[in-house]
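Here's the structure we're looking at; comments come further down.
Each value in this text was obtained by applying a stated rule to the coordinates, not by laboratory testing. Note that the structure is a prediction, hence the values are computed from the model and not measured. Here Cβ is always computed from backbone atoms with ideal geometry, including for glycine, and neighbour counts include all displayed protein chains.
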Amino acid sequence: MEDVITDVPPPSRFSPDDLDNFAAPPAQPTPIFVVSPNPSPPAPRLLVVFISPTSLALLASPPPLLASLLLPDLPLLPHAPMRVYLHPSGALLAAAHGAFPAHRARAAAKALVSRLQPEEVLVLDAVRSGTYRGRLAADEPVEGKLETRAARARGGVGAAKAVQALVPPGSVVDGLGAAVLAECEIRGKAASMVVTWPADSRPAEFGVMRRVAAELGVDTGKAAARVSGRPDLDSLYT
């Protein structure tokens, strides 16, 4: 009779790769928040997160740098650090020039909101063709918003207050912008996310971009060329 305690067990029916599926994933490195040596401002009232190419065009000449958010497990290219700038008005402007992979967006959003502790958050993102399940005209500007319950209770956040439409039906909103909105909902913060279509349109085509540009003192006409990357194209729109 076999001794079930001392005998060598039969080989597993699972391959090593299959067994890895049951193991806990390795812990991801904590995002690093590098703050400038200048004195930190008090808790800001407003944090604006620029994600879409249209919104990033408004920050060609950004104010002084306050901090940088790095994900140590990702290469700097194409995952450039997020830069946080301090506007003279006291608002914080976070520019996401690099790509944030989906599995790290939540960690980046949590680090951003928990470290800066803003009272209100405005996210400027875009509807991308790969994440849209409906039909939109290729050249028809569209803007819509999503909000946390706290933002709806106070009528919206900043420049998003005048945006009446919701995100176009069929849109799949994900990535860093959605992660920031979810983090604000968890923390009970007022946050509005405005998405625009097409993703690389001129800022002047959207009311929310014009209002943000006015608050920052940016000329939307000059920002149009920065979206296309060709200054000579700006004359076509003037």
Inset, instruction - Starting from the Cα of Ser114, move 7 Å in the Cα-to-Cβ direction to define the label point; list residues of segment 168-183 whose amide nitrogen is under 17 Å from there. - result: 179-183
Legend entry - Space enclosed by the convex hull of the alpha-carbon atoms of segment 25-125, per residue, Å³: 106 Å³
